[in-house]
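Each value in this text was obtained by applying a stated rule to the coordinates, not by laboratory testing. Values in this document were obtained by computation on a predicted structure and should not be read as measured data. Because the Cβ atoms are built from the backbone with ideal geometry, glycine has one as well, and the counts that use them run over all protein chains shown.
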Amino acid sequence: MPSLQGPRIVAGPPGPRVTKLLRDSGLEPSSYSSPIIDEARGIYVKDPDENVFTDLISGRCVVNTGYNHPRIVEAVKRQAERSIHWQTEQAYTLICRLEKMLDSGPKQVYWSQAGSLANEHAIKAVRRATGKPLILSFTGSYHGSSMGAISLSGYDPSMKRHYGPLIPGIVHVPYASCYRCPLNLEHPSCAHACLAYIEEVVFKSYVPADEVAAVFVEPIQGDAGWHIPPPGWHQGLKKLCERFGILHVADEVQTGFGRTGRWLGMDHWGVKPDVVLLGKAMGSGVPISACVLGRDLLESTDSEPIPIHAQSFSATPLGTAAAHATIDVIGDERLCENSERMGAYMKNRLTDLMDEHSCIGDVRGLGLLIGVEIVKDRAKKIPDPTSADAICAEAFRRGVYTLNMGSYGGRALRVAPPLVITEKQIDTSIEILGEAIGKIERD
Ligand SMILES: Cc1ncc(COP(=O)(O)O)c(C=O)c1O
């Protein structure tokens, strides 16, 4: 496959073909802000007008191995020739590889094709395994867009408005989003007050702890603006779960498969969850997700012969083939190490931009999962969603694609390129991003 070089803007964006495509679809061409892909390779995507963009968000943290890695493409082609439907040997061998990745005992896996569905499986599994109705989730969390997943989420009221009633029994508690602490405290003097809040306030005033089946937690809150809990917080949460007999569910949909410089986000804290949810990068773009739980968790308690979650499309042959190839590529090409090394380099370069651009309030991240907080006032941390949107639009016009997201009114640019990115490619991206930020600050 020929390589694709970029970024390179030759027409627009949008150019004539995209303009026509959007008009014919009843859309306004000026809304073009996310590349329509004609072809993609590595960190680059080419649109129908031959514009080549650097994708700084890896197609929403999906293509950790880079777009169309030849080994993934080859594995999918090979599988497509043999069978494209129903279970294959590879689904079974994949479970063994996930057990190894999780460094744990025997697992059972409920397969599906989206992170949202992995969360749905988990809601059902923890309730059934424990016989308890309640679930704790966090303010700022994002777990997907299906009914159970939006019920779990605490990212933004707009994702729930007019969809209610949502599923009952889910209680939200404050996450350790220290940049804008929901309790208005500071680390380390807070001594993890948000964890103490669960025990001292939630469990002593409105939630019977003995009715809580599980806590769902993202290792790093993603859509909330990439908040990394302080040292000891995840371990503290796990201990709290153990004290109260609550299952610990880690939503690794976004943080898994090398994104943060480790195979899994929780590896940074050495925490072993009871249930792990995987998706996004698992198949490098071929849909596959998994709710992975201890074999003892349901089989020992559940005597009913019905499958807990049957689907027409479960561990699809193309998905499992892509997942095997993804694990091979991440291991063989040492992409966790590259994520850690290039992530540190990129974070430094972004932090340097703070000297020139006062609208950058904070740069935070682990590996190649980095958030750049855009503010009106750095000291007061006043959110500036308008500038964040304008920066993304300006960067896009210059051939760099990023998004901004955040909870509590804040907005962080998402910087999460494919893990194959090189230092030179980072330099080019930062230069363009810096120019875009400068232009918006001047305007
Ligand atoms: C942590 C987390 N969980 C679940 C999801 C939902 O995944 P999907 O969009 O594949 O349904 C996302 C998507 O962004 C996510 O970031």
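Hey, which lysines would be in cross-link range of K46, C-alpha to C-alpha under 21 Å, not counting anything within fewer than 8 residues on its own chain?
K20, K424
Show which lysines lie in cross-link reach of K100 when reach means a straight Cα distance below 29 angstrom and same-chain residues fewer than eight apart are skipped.
K77, K124, K238, K239, K272, K280
Taking the beta-carbon count within 10 Å as an exposure proxy, list M405, M147 from fewest neighbours to most.
Values: M405 21, M147 15.
Listed from fewest to most nearby Cβ atoms, that is M147, M405.
Can you show me the helix-derived [θ] at 222 nm for the chain, built from DSSP H runs with n ≥ 4 at -39,500 (n - 2.57) apiece and divided by the number of residues, rounded to the nearest 500. Present the calculation step by step, with values, prior to reporting the outcome.
On the way: 13 runs with 155 residues, N = 443.
Value at 222 nm, helices only: -11000 deg cm²/dmol.
For region 70-332, what's the radius of gyration and Dmax over Cα atoms, in angstrom?
Both quantities, over Cα of region 70-332: 18.4, 60 Å.
I'd like the FRET efficiency for D296 and K380, computed as 1/(1 + (r/R0)^6) with the beta carbon distance as r and R0 of 51 Å, rounded to 0.05. Don't jump to the answer; show the numbers that get you there.
Values: r = 51 Å, r/R0 = 0.99.
The formula returns an efficiency of 0.50 here.
Sorted from fewest to most neighbouring beta carbons within 10 Å, what does the list R442, R180 look like? Walk me through the numbers before you get to the answer.
Numbers: R442 6, R180 20.
In order of increasing Cβ crowding within 10 Å: R442, R180.
Once you list every other residue whose beta carbon is under 10 Å from the beta carbon of M405, what net charge do they have if Lys and Arg are +1 and Asp and Glu are -1?
On the way: positive: R411, R414; negative: D156, D223.
Its environment carries a net charge of 0.
Using a 7 Å offset from the Cα along the Cα-to-Cβ direction at both N184 and V10, what is the distance between the two label points in nm, to one decimal?
It works out to 5.7 nm between the two label points.
Give, as a single signed number, the net charge of other residues whose beta carbon lies under 15 Å from the beta carbon of T65, with Lys and Arg counted +1 and Asp and Glu -1. Spell out each step's value before the answer.
On the way: positive: R41, R60, R71, R259, K280, R334; negative: D55, E74, D328, D332, E333, E337.
Spelling it out: positives minus negatives among the neighbours equals 0.
Would you tally the net charge around G232, using a Cβ to Cβ cut-off of less than 12 Å, leaving G232 out, and scoring K and R as +1, D and E as -1? Walk me through the numbers before you get to the answer.
Numbers: positive: K238, K239; negative: none.
Neighbour charge sum, excluding G232 itself: +2.
Among L433, L350, L152, which comes first, then next, by fewest other beta-carbon atoms within 10 Å?
L350, L433, L152
Counting each pair of different Cα atoms once, what's the Kirkwood radius of the chain in Å, rounded to one decimal? Each step should come with its number before you reach the end.
Details: mean 1/r = 0.0443 Å⁻¹.
That comes to 22.6 Å for the chain.
Gaussian network model of the chain, Cα springs within a sub-10 Å range: biggest mean-square fluctuation belongs to which of L264, L237, L335?
L237
D24 to K100: FRET efficiency via 1/(1 + (r/R0)^6), r the Cβ-Cβ distance, R0 51 Å, to the nearest 0.05?
Working: r = 49 Å, r/R0 = 0.95.
Between D24 and K100 the formula returns 0.55.
Counting only DSSP beta bridges with both residues in the chain, what percent are antiparallel, rounded to the nearest 5?
Numbers: 33 of 49 bridges.
Roughly 65 percent of the DSSP beta bridges within the chain come out antiparallel.
Going by Cα centres, region 203-263 and region 45-82 are how many Å apart?
That distance is 31 Å.
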